[in-house]
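The values are calculated or read from the model by the stated rules, or taken from the named source; none is laboratory data. Everything numeric here is computed off the predicted structure, so don't read it as measured data. So basically every Cβ, Gly included, is an ideal-geometry build from the backbone, and we count neighbours across all protein chains shown.
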Amino acid sequence: MCRHNVIEAMSWRLRYLLFLRELDVSSNRLVKLPTKIGRCFRLQILDISNNRIVALPATIGRLENLKLINCSNNPILHLPHEIGGVDDEEHSKDIVGLRNIRSIILRDCDQLSQLPSKLFRLTTLTELDVEGSPNIITPPPEVPA
């Protein structure tokens with residue numbers, strides 16, 4: 001855990017932490033996550049709440065074992081569509097989506113206006129917490145009723 005520090009950036013060397021299951025970097029000064037986070041295949045819990053993150057890397061969609069992601073209190077503008085997986089097998093066959101995700105927490109993300117259209121593919125999702133995120137259009141227009 002590296003919470004409540006003044007971390008402003010994370011190293012791309014994060015990819016070498018092959019057996020990492022939980023990463024808590026909440027309450028820091030992060031503005032982005034390294035794209036190599038997508039190589040932490042065993043990651044199950046990711047807490048990046050209370051930072052300055054504007055966007056998540058598309059490689060987040062590679063974290064198929066992720067069960068909980070907390071992005072609360074960040075100025076996130078959008079979530080990558082890759083969290084629901086990618087259809088184009090030729091270019092992104094390793095981005096399968098967050099197929100084991102149970103909880104996505106987006107509290108107080110007041111810059112976030114829309115959820116990804118592929119959110120409906122996350123069949124294991126049981127909690128989507130958007131409390132205090134008033135600009136979100138829920139559900140996305142593309143999601144079937």
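Tabulated data for the structure shown
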{"read-out": "Tally, over the range 28-55, of residues that are in contact with a helix residue (DSSP H, G or I) (Cβ under 8 Å, 6 or more places away or on another chain) and assigned to a loop (DSSP other than H, G, I, E, B)", "value": "5"}
{"read-out": "So Glu127, is it acidic (Asp, Glu), under 11 Å from the mean Cα position of the chain (by Cα) and either at pLDDT below 95 or surrounded by fewer than 16 Cβ atoms within 10 Å (Cβ to Cβ) (or both)", "value": "no"}
{"read-out": "Count - residues of the range 17-27 that are part of a loop (DSSP other than H, G, I, E, B) and not polar (S, T, N, Q)", "value": "6"}
{"read-out": "Failed item, numbered, when Asn73 is tested on (1) touching an Asp or Glu at 6+ places or on another chain (Cβ under 7 Å); (2) buried (at least 16 other Cβ atoms within 10 Å of the Cβ); (3) modelled with pLDDT under 95; (4) not hydrophobic (A, V, I, L, M, F, W, C)", "value": "(3)"}
{"read-out": "Test: residue in the range 132-144 that is at pLDDT 90 or above, of a type in the set (A, V, I, L, M) and closer than 23 Å to Ser26 by Cα", "value": "no"}
{"read-out": "The range 45-56, subset surrounded by fewer than 17 Cβ atoms within 10 Å (Cβ to Cβ) and within 13 Å of the chain's Cα centre (by Cα), residue nearest to Val96 (Cα to Cα)", "value": "Ile45"}
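Residues checked against (1) out of contact with any strand residue (DSSP E or B) (no Cβ under 9 Å at 6 or more places or on another chain); (2) modelled with pLDDT under 90; (3) more than 12 Å from Leu66 (Cβ to Cβ); (4) in a helix (DSSP H, G or I):
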| site | (1), (2), (3), (4) |
| --- | --- |
| Ile83 | no, no, no, yes |
| Val86 | yes, yes, yes, no |
| Glu90 | yes, yes, yes, yes |
| Gly97 | yes, no, no, no |
| Ile101 | no, no, no, no |
| Ile104 | no, no, no, no |
| Asp108 | yes, no, yes, no |
| Lys118 | yes, yes, yes, yes |
